[in-house]
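Novice: Handing you a structure now.
The values are calculated or read from the model by the stated rules, or taken from the named source; none is laboratory data. Note that the coordinates shown come from a computational prediction; the quantities given were computed from them, not determined experimentally. Neighbour counts run over all protein chains shown; Cβ positions are idealised from the backbone, glycine included.
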Amino acid sequence: MLKKRGIFMRIAIIGAGSIGLLFSSYINSDFDVTLYTRTKEQAEEINHFGLTLKKGVQITKIAACAVPFTEWDGTEDLSIITVKQYQLDSIISKLNDLPVTTNNLLFLQNGMGHLKLLNTLKANNIFVGSVEHGAYRENPYTVSHNGDGVTNVSVVRGDSAELIQFASSAPSNFPIVIKEDYYRMLTSKLIVNAVINPLTALLHVKNGDLIRNPFYLQTVEKLFAEICQILNLENREENLKKIKNICDLTADNRSSMLKDLEAGRSTEVDAILGFLLEEAIRKDMEAPIVASLSCLIKGKEYARGDYL
């Protein structure tokens, strides 16, 4: 394990969904990791059974330490927050109530809606990241790694020393890549999420169907063009090619938004499409496709009683 000032570098992972379980599984042998869960019951299951990592036909069992989030005190060397954007309020509230203000915090949320929330934090060192891996939580302690990728990370404010140390010490089969411009990094991921997530969720199709079906592909291209206008995006051909490549590489995967709707969970529509709509309003622009998709996703949530 990596040593820091004579002790093991301590990592907190907040949230035991697919990304939290995936990170815990891969970095557990390189750092002193504590996984903080929403419920006491999940923590007990993880401590009893350990973590199970599935990748293809390979199944790996990993010993793990899990603790309910209510016991988190923010004293680890680095805290990685993997919960979804709409779950951040309680965590940020707790962070601001802690006496320690030198926390190193890495936020791994989809979209960009959480950036304004991070401005309310008292912590000195705030980092953000975008995860390009495909992962699916099968049960409270089992995660399926469905697609290899990297985790891009960048500094929003503060000292980057701990982030650099973490990235340089991560296992080679789970790379952490430092990026200079956090806004550009998140924008690149936002474009992909804003195209693939709502379309697959509404059409109830896998990622690959968006490029295999010529009529779906036309919609992909029109939605992408509108997003480009909102963000004043350069290198449009390169970014569209990236979206198509991701659809191809993850052809058999179901997007996180589709899985959320199927499981009856809230989606991250506000973090993804909501950010684009706010940008369009700020720039006094029309965004009819993005607005319509946002309403349709929220309509599905409303139909099952989320807004009642």
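Novice: Do the conditions hold for ILE81, that is, is it within 23 Å of ALA167 (Cβ to Cβ), assigned by TED's automatic domain parsing to the domain that holds ALA170 and not aromatic (Phe, Trp, Tyr)?
Specialist: Yes: the conditions hold for ILE81.
Novice: Sticking with this structure for a sec: I want to confirm something. Restricting to the stretch 148-198 and keeping residues that are of a type in the set (Asp, Glu) and under 20 Å from GLY20 (Cα atoms), which single residue is surrounded by the fewest Cβ atoms within 10 Å (Cβ to Cβ)?
Specialist: ASP148
Novice: All but one of (1) part of a loop (DSSP other than H, G, I, E, B); (2) within 26 Å of TYR136 (Cβ to Cβ) hold for ASP260; state the number of the condition that does not hold.
Specialist: The one condition ASP260 does not meet is (1).
Novice: Okay, moving on. Do the conditions hold for GLU226, that is, is it exposed (fewer than 15 other Cβ atoms within 10 Å of the Cβ), at pLDDT 95 or above and not aromatic (Phe, Trp, Tyr)?
Specialist: So GLU226 does not fit the description; no.
Novice: Here's a follow-up. For the stretch 77-92, state whether one or more residues are within 24 Å of ASN47 (Cβ to Cβ), over 18 Å from the mean Cα position of the chain (by Cα) and in a helix (DSSP H, G or I).
Specialist: no
Novice: While we're on this one: So the check is Cβ under 8 Å with 6+ separation or different chains; which pairs have a first residue in the stretch 260-275 that's free of Cβ contacts under 8 Å to residues at least 40 places away in the same chain and a second one that's assigned to a loop (DSSP other than H, G, I, E, B)?
Specialist: Short answer, once both residue conditions are applied: GLU262/ARG254.
Novice: Only residues that are assigned to a helix (DSSP H, G or I) and either touching a strand residue (DSSP E or B) at 6+ places or on another chain (Cβ under 9 Å) or surrounded by fewer than 13 Cβ atoms within 10 Å (Cβ to Cβ) (or both): list them for the stretch 199-220, please.
Specialist: Scanning the stretch 199-220 gives PRO214, PHE215, GLN218.
Novice: Name the residue, out of ILE46, ILE11, that is in a strand (DSSP E or B), modelled with pLDDT of 95 or more, touching a helix residue (DSSP H, G or I) at 6+ places or on another chain (Cβ under 9 Å) and surrounded by 22 or more Cβ atoms within 10 Å (Cβ to Cβ).
Specialist: The unique qualifying residue is ILE11.
Novice: Let me ask you something else. Could you grab me the full set of residues in the stretch 93-114 that are more than 15 Å from the chain's Cα centre (by Cα) and not basic (Lys, Arg)?
Specialist: Once the filter is applied, which keeps residues that are more than 15 Å from the chain's Cα centre (by Cα) and not basic (Lys, Arg), the stretch 93-114 yields SER93, LEU95, ASN96, ASP97, LEU98, PRO99, VAL100, THR101, THR102, ASN103, ASN104.
Novice: With assigned by TED's automatic domain parsing to the domain that holds GLY113, hydroxyl-bearing (Ser, Thr, Tyr) and touching an Asp or Glu at 6+ places or on another chain (Cβ under 7 Å) as the only criterion, which of SER130, SER169 stands out?
Specialist: SER169
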